[in-house]
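Please read the structure below before turning to the comments.
FYI, it's all coordinate maths here, none of it is from the lab. These numbers were taken from a predicted model, which means no experiment stands behind them. Every residue, glycine among them, receives a Cβ derived from its backbone with ideal geometry; neighbour counts consider all protein chains shown.
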């Protein structure tokens, strides 16, 4: 570290880029290595709410805009300063659920099963945006109340990918991969993560808090995406 | 169903037993089939407390005995009527944590990571009874308070087995197996469940609430114990 600090022109990222470039050129010509184009990032999505512009105004007042509290890993997305209360059918309440931005066409509440149990809501597992046959809830903000008739879900496990990631793993948008998290005493394989690909999307797995805690993600010693392939063994 | 009801002498269990007996006799002579000796039961252990007799008296009064609220799956074990409050280092509290009986030599608090996060306790993963380098907490009962200096853990995933189960799966006490839970959108493999065998023990996997919720155990369509065997595939 001392040596690096004495040569500030060469920081770690510069060195890594140079090494990567050399390796890619070397092995590409030999045709024998495919370097992972992006690091695999696994993040936990804690319970959160997406709001339509109309619901934002009802809950926070006419002309309200979401304010950025913290940028998320995917460019353009953020945790907002705003929170709402989520009220379940038996008047059980989660008092401060973070709103994520930007606004969407339809409001959506994403909870873990642990949250659903505490609220008394039987959560369906759905891909984000798929609200068929989903329960609703009541959202309470400082300026108003919204009664959602649908859109309360446990988000399906998924992995965001860009074009280079699809190529590297040999998969396509809408297909599925397994994620193995290695963690002392808690190693877990989550099967069938939905691949959601887009042009300017970074490689990122989203798990919920139950999944992250089941695998002790915070202390994980390794994460790996595995393409489901019939291999004759009993690990399907 | 109507037909079964009209022949009350032959209920489902009778029929299953007869079929099993016939199959066992038939295939045992052919030497070609090993029937699973016991059904695989997977249960969630919600957060709970084990108490030493001394701590029980401190918390609930001199001469107190645990009272059975509900028998557990393993013979002789039960959820007690008694609950205690578990207080963490930042005075965060879980107000009603069930005591399991019978009493043990040393008190122990078993929590999921979700519980640990809400209490502000960094939980180590430990086999039940292993309290080396574990945090403590404060227990509050109706008649007194106990300050535990150790014994707060996330219990390591494990499977209880009897002798017939060890033989069937070809494993030994202290070894490890994987558990696959098949569940729509939530299929999960929990690796390295510790095998804890005993003479009069029923085959039973214990997961915590995070693990059960991550895999949506309540809606599971199948559970399977898999012996970890090197098979050359990437599913280690």
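7 Å along Cα→Cβ for the label point: how many nanometres lie between residue A:129 and each equivalent label in the other copies, listed shortest first?
Values, ascending and in nm: 5.4.
Using only the Cα atoms of the range A:91-158, what are the Rg and Dmax in Å?
11.6, 34
Could you state the principal axis extents of the C-alpha atoms in the range B:50-119, from the largest down, to the nearest angstrom?
33, 30, 20
Which semi-axis lengths, in whole Å and largest first, follow from the square roots of five times the eigenvalues of the Cα gyration tensor of the range A:174-224?
22, 11, 10
What ranking of B:78, B:113 emerges when the number of other C-beta atoms within 10 Å of each C-beta is taken as an exposure proxy, fewest first?
Placing the least packed residue first, the sequence is B:78, B:113.
Would you mind listing the distances between the residue B:65 label point and the same position in each other copy? Use 7 Å along Cα-to-C-beta, nm, one decimal, shortest first.
Distances to the matching label points in the other copies: 7.1 nm.
By counting other Cβ atoms within 10 Å of each Cβ, how are A:190, A:60, B:77 ranked from fewest to most?
In order of increasing Cβ crowding within 10 Å: B:77, A:60, A:190.
Please average, across the residues of B:186-197, the number of beta carbons from any other chain that are within 10 Å of each residue's own beta carbon, and give a whole number.
5
Kirkwood hydrodynamic radius, computed over distinct alpha-carbon pairs, for the range A:93-212: how many Å, to one decimal?
16.1 Å
Using Cβ contacts closer than 10 Å as the measure, can you line up B:114, A:188 from fewest to most?
B:114, A:188
Can you list the copy-to-copy distances for residue B:144, using a point 7 angstrom from Cα toward Cβ, in nanometres, shortest first?
Between copies, matching label points for residue B:144 lie 5.8 nm apart.
Could you state the number of Å between the C-alpha centres of the range A:137-190 and the range B:152-212?
27 Å
Work out the mean other chain Cβ neighbour count within 10 Å for the residues of A:202-213 and drop it here as an integer.
4
Relative contact order for the range B:69-135: what is it in percent, counting Cα pairs under 8 Å that are at least 6 residues apart?
25 percent
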